[in-house]
Each structure stands twice: as structure tokens, then as C-alpha cells.
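Here is the structure we will look at.
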Amino acid sequence: MSVRLRGTDSAIAIRWIPKYTTLERFLHWVHTFAFIPLALTGFVLFAPWMQPLAQSSAGIYLRALHRVTALLFGGVPIVYALLQPRRMMLNMKEFLTFSKYDLLWLKGAFPYYVLGRHTDMPPQPRFNTGERLTAVVLVIGTIVFGATGLPMWFLKGSMPVGLYQVLVILHDLMFIVTFAMFLIHFYLAVVHPMMWQSLVSMRYGVVSESYARVHHAIWYYGEKRARQMWEQHQAEGKH
Amino acid sequence: MTMDRRSFLKLSGAGLGAVFLDSAAVIPALGAEKRLAMLYDNSKCIGCRACQMACKQWNKLGPVSTDPQHLYESPGDLTPDAWTLIGLAEYKVNDRRNWLFINKGCMHCGNPACVAVCPTSALKKQPNGLVTYDRGLCNGCGYCTQFCPFHVPRLQVSSQFAGVAKSSKCTFCQDRVANNLRPFCIQSCPAGALDWGDRGTMIEQAKSRVEALKAGDFPQANLYGENTLGGLGRLYVLLAPPTAYSLPQDPGFPFAATLWKKVVQPAGEVAFGAVLLGLLAAFFVVRRNVHMEEVE
């Protein structure tokens, strides 16, 4: 795609690389818009200062909404597994693959993302370390929420109270982890100025070639070449 | 229901007041009064279940199907429509098989777990010792049913799928007590097995009764609830060890409730606050340091 610069005859060509399928983007947004009301309706029972919303009819409606959105939230991975199982397995495999570059990435993440220093980051595959950690937490969260929430929903009164009490605590602990993670994910994807293309990719399914080269070198160049380039770059930097 | 003229006038006044006040005012704020308690004396109980009937009548509770598996207890357990129940246990005392009756219902704990886990304040601990319940505030979460050490509150479920429900339990006839009347079950007891009044007086009364029973045919007689869970509001004079009545020997405040409400949830709020503040600070730092012309 070429973009003509305003007020000039110059044009620049941008090469876009597909990152997500249409279904992945659609399900991502369904997941997002299920998670937000799910978290907020859960938060009403979580925080004492939200008590007026937990009381009376408001509380009854919010608890019902929590259940409906929970089904939507839990249904997303099932739909994904049914419609694009190979793609899902590929992503899952990628989420669970970590290398020495991930430690270096984590080390460099604070000055890079928080302080905004334009330093070099180690090469990353299609999903960087942060994205993969987020995905792993989300997968664990979905399993824990399902395994604790469904018995709390349908088996209250017929399961031992001690077990119910454990489930309530696990449900809340998982909520703390996933909601904190969601806040960070939202900030990096929507607010952070250096990551504007992540939002574009979830809207249009593509990232620019230059973005892929800088942020996902292993995906763009392949693992061998990305590693060579990184090592060469590091060696030059030391001299 | 019989009522003297003074009681009738008091109740009429309260009823008129309730017409002009909102639902929250139906349970009047109970001031710094002395703690009240019910005393149930097993040695006097004849198991007539008048207390059960009185509870249903005053609180307008619906009928409950009986369970043929239970020979005497009817219904077999507390239900959303049976807040008071005469339970039955068989126990050998002095080589004689005895029937032990027990008046079951909310224990009105001094330190109630149900109140600690209630997210709506529908359940409240009042200064006079009552654990009151405001049905209008209840959202049916059912946490009270899962954390009560005595397994007393019951959930009336209208829709399992949508989670529409209301909790229920004995309130010691909170509306009557607020109008200086005794709980209706106590008024109905023909055997004098139920008594009501200042908790200290009830304990003294119970202790002297226990001594008398011990000196007689019941060496295992004991007082249940004096110091349990901050002191129970429903005290029992028992003829046999508590376990013979299926009562927990030494119930404690559920550890899970403390962990959940005092550690996990406050820690979560701190974590969310810290993350939000951190991100806000990071946003201003990044905005100052990032040169957009260098961003890919």
C-alpha cells in the first residue's frame, strides 16, 4: 500500500504483514467486551465501597449479568477451537515457547516501555514475551474461572462448604491477577505511544513491515538470521 | 395469637410508622443496649413444636413438605420456610435411651461469619446482639449459607441459572424485639423451655440449671454457647455432650472467611490501585521521553 504525503508529490510504500485472522480479531473483541462487564460485575461483590451496587435489585441484575458474560467469556476459546483448531494449537505452542531472549526482554522491558528509552530489545517471535505471558495468564485464568465459577454457580448447597470456600478464594485470587494484567494490557495496547501498531493489528489484522522488523525480528527474519543479527549487533555495540 | 392491650397499641404504632417510612426503617436502629439472648432448656422441652408453628405464623412462612425419612423432625432440616425447627436425637443417659430435643435456628453469634461475608449488609450485627436480616437488601449471593459454622441460613432459589435467590434465617423476630416484645416462639412455648432476656441473666440462669441437672440424673448436663464465637445469642442447656445433638463441639470463625475478607480482597484492591497509579506515572514518563519520529 502506498501513502501520498499531504502537500507533496512524494509517496511512501508501506508493506503490511498479516498477523491475525478475521476470526481471531472478532473473538478478541468479543472476549474484551465480555471481560470488562464480567470484571466490573465481579468487582461489585469484591470491593466494600461498591456495596450500594451489590444491594437489592441492582445486585440481583449484576449477578445475572456476571453469569451471562461469563458464558460469553468461556465460549470464545471453545468457538476458536472449533472453527480454527490448527491455528489455535499453533498459537498455544507459540505462547508456551520461551527462550533466553525472554529473560533479556524482561530485563529491558522497564527502560523500554516504562521509561520510553529507545534501546535495542532482543529479537522476538510473532508474540513478544509480554504478550505470551499475558496469553498464558489468560489461558490459566479461563480454566480457573471455569473450574471455580461453574461449581459455585450450579453446585452451591450440594458441595461441601469447605470446598466452596476454597473455590471463592481461588476465584478472587485469579480475578486479582487477570484484572491487573488486563489493566497493563490495555495500557500497552491502547495508550502507550510506542505500541500503536498493536491496536492497528487487532483492528485490521496487519502490522507494518518496519514494525515487524523492529518488534518481532524472529517472526520477520526467521530465528537463525534474527539471532545472527542480534549477536552481531551486540558485538558491534561492545566495541 | 393472643396479645395484651399494651402490646397491641405498641405494634399498631410501629405498623403506622412503617407505612410512612422507607423499608430501611422497618428495622429500627438499635442503640447501645445490653445484649439479649434466648435460652433453650432441653430438660424442659416436650418437643411439641409450638415454637416452630409460632415462627411460621409470625414470619408468614409457607408450608414445607415433610420427609418420611425423618421420624419426628418435620421438616427434616431448616429450610427457607422453616427458620426454627425442633430436632431430635437419641442418646443413652444413665443406660437409658433418651430423646434429646433441640431448638434449631440462627445462633446469633457474637462474631458472626455470615455478617463478615455478606457483601450487601443485608445481614447486620446489632448492638443488642441480634443478627438482623433485611430481605430487601439481599441479592441472593448465598455466601452466608456457605460460611455459617452452624449451617443455618438457607437460600430460596427462584432461578438457578440467573442466580435469583434470597437468603433466610431466624431473626429472633427482629421487628418484635425492636418493639420491646419477645420473639414469638418464646411466647408460644407451653413448657417454659424457652426464655428471653439480658444475656448475662440468661447465662446465670442457665448455669444454675446446669448445676441442678448435674446434681440430679444428668451428670453430663452443660451450657452451650457462653463463649463460642464471641458468645452465642441462642444459649442451650443440654443434657448430653453437644455432639449428641449434632452441634459442633468447638466451632470457630471460619479461617477462609478471614483469609478472604481480611487478606485477599484488601490485597486485591491495593494491587489494582498500585497498578493504576504505576501506569499513570509511566504514561507521563513515557510521554516525556518518547520521540514519536523514532517510533516504528
Going through (1) without any contact (Cβ under 8 Å) to a residue 12 or more places away in the chain; (2) of a type outside the set (K, R); (3) more than 20 Å from B:V64 (Cα to Cα) one by one, B:S159 fails only at (3)
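Taking the condition of being surrounded by 16 or more Cβ atoms within 10 Å (Cβ to Cβ) and either in contact with a strand residue (DSSP E or B) (Cβ under 7 Å, 6 or more places away or on another chain) or part of a strand (DSSP E or B) (or both), how many residues in segment B:157-176 meet it?
The qualifying residues number 10.
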Lone unmet requirement of (1) under 20 Å from the mean Cα position of the chain (by Cα); (2) within 14 Å of chain B (Cβ to nearest Cβ); (3) of a type in the set (S, T, N, Q) for A:T97 = (2)
Going by the structure shown, is A:W153 aromatic (F, W, Y), more than 14 Å from chain B (Cβ to nearest Cβ) and over 22 Å from A:T21 (Cα atoms)?
-> no
Being without any contact (Cβ under 8 Å) to a residue 60 or more places away in the chain, in a helix (DSSP H, G or I) and under 23 Å from B:L232 (Cβ atoms), is that true of even one residue in segment B:264-272?
-> no
Filter segment B:59-73 down to residues that are buried (at least 17 other Cβ atoms within 10 Å of the Cβ) and more than 17 Å from the chain's Cα centre (by Cα), then give me how many there are.
-> 2
Which numbered condition A:E209 fails, given (1) within 11 Å of another protein chain (Cβ to nearest Cβ); (2) buried (at least 17 other Cβ atoms within 10 Å of the Cβ) = (2)
Would you check if A:T142 is of a type in the set (S, T, Y), crowded, with 17+ Cβ neighbours inside 10 Å and within 29 Å of A:L23 (Cα to Cα)?
-> yes
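With respect to A:Y164, is the statement that it is at pLDDT below 95 and surrounded by 15 or more Cβ atoms within 10 Å (Cβ to Cβ) true?
Working: at pLDDT below 95: no; surrounded by 15 or more Cβ atoms within 10 Å (Cβ to Cβ): yes.
It is false that A:Y164 is at pLDDT below 95 and surrounded by 15 or more Cβ atoms within 10 Å (Cβ to Cβ).
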Just wondering, is there one or more residues in segment B:211-219 that are surrounded by 15 or more Cβ atoms within 10 Å (Cβ to Cβ) and at pLDDT 95 or above?
-> yes
Test B:T243 against the criterion of being part of a helix (DSSP H, G or I), away from chain A (no Cβ under 14 Å) and closer than 18 Å to B:C106 by Cα, and give yes or no.
-> yes
Looking only at segment A:159-206, and only at residues there that are in a helix (DSSP H, G or I), under 17 Å from the mean Cα position of the chain (by Cα) and small (G, A, S), the one that is nearest to the other protein chains (Cβ to nearest Cβ) | A:A180
Taking segment B:97-117 and the residues there that are touching a helix residue (DSSP H, G or I) at 6+ places or on another chain (Cβ under 6 Å) and within 14 Å of chain A (Cβ to nearest Cβ), the one that is surrounded by the fewest Cβ atoms within 10 Å (Cβ to Cβ) would be B:A116
Those residues that are more than 7 Å from chain A (Cβ to nearest Cβ) and either part of a helix (DSSP H, G or I) or closer than 13 Å to B:A116 by Cα (or both), I need them from segment B:247-263; list them, please.
-> B:F253, B:F255, B:A257, B:T258, B:K261, B:K262, B:V263
Scope segment B:129-156; condition at the interface with chain A (Cβ under 10 Å from one of its Cβ atoms) and either part of a loop (DSSP other than H, G, I, E, B) or at pLDDT below 95 (or both); matching residues = B:D134, B:R135, B:G136, B:L137, B:C138, B:N139, B:G140, B:C141, B:G142, B:C148, B:P149, B:H151
Selection within segment B:125-144 - within 10 Å of the chain's Cα centre (by Cα) and more than 22 Å from B:D250 (Cβ to Cβ) = B:L130, B:T132, B:Y133
Name the residue, out of B:T258, B:T201, B:T228, that is surrounded by 17 or more Cβ atoms within 10 Å (Cβ to Cβ) and over 28 Å from B:R97 (Cα atoms).
-> B:T228
When segment A:74-102 is examined, which residues are found to be over 14 Å from A:F127 (Cβ atoms), at pLDDT 95 or above and of a type outside the set (V, I, T)?
-> A:G74, A:G75, A:P77, A:Y80, A:A81, A:L82, A:L83, A:Q84, A:P85, A:R86, A:M89
Top-ranked residue in segment B:261-293 [being among the basic types (K, R) and under 25 Å from A:P160 (Cβ atoms); ranked as surrounded by the most Cβ atoms within 10 Å (Cβ to Cβ)] | B:K261
Considering A:G157, A:G162, A:G222, which residue is touching a helix residue (DSSP H, G or I) at 6+ places or on another chain (Cβ under 8 Å) and at positive phi?
-> A:G157
Confirm whether A:L45 is within 11 Å of chain B (Cβ to nearest Cβ) and part of a helix (DSSP H, G or I).
-> yes
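The values are calculated or read from the model by the stated rules, or taken from the named source; none is laboratory data. On a predicted model such as this, the values are computed, not experimentally measured, just so you know. Cβ: placed from backbone, ideal geometry, glycine included. Neighbour counts: every protein chain shown.
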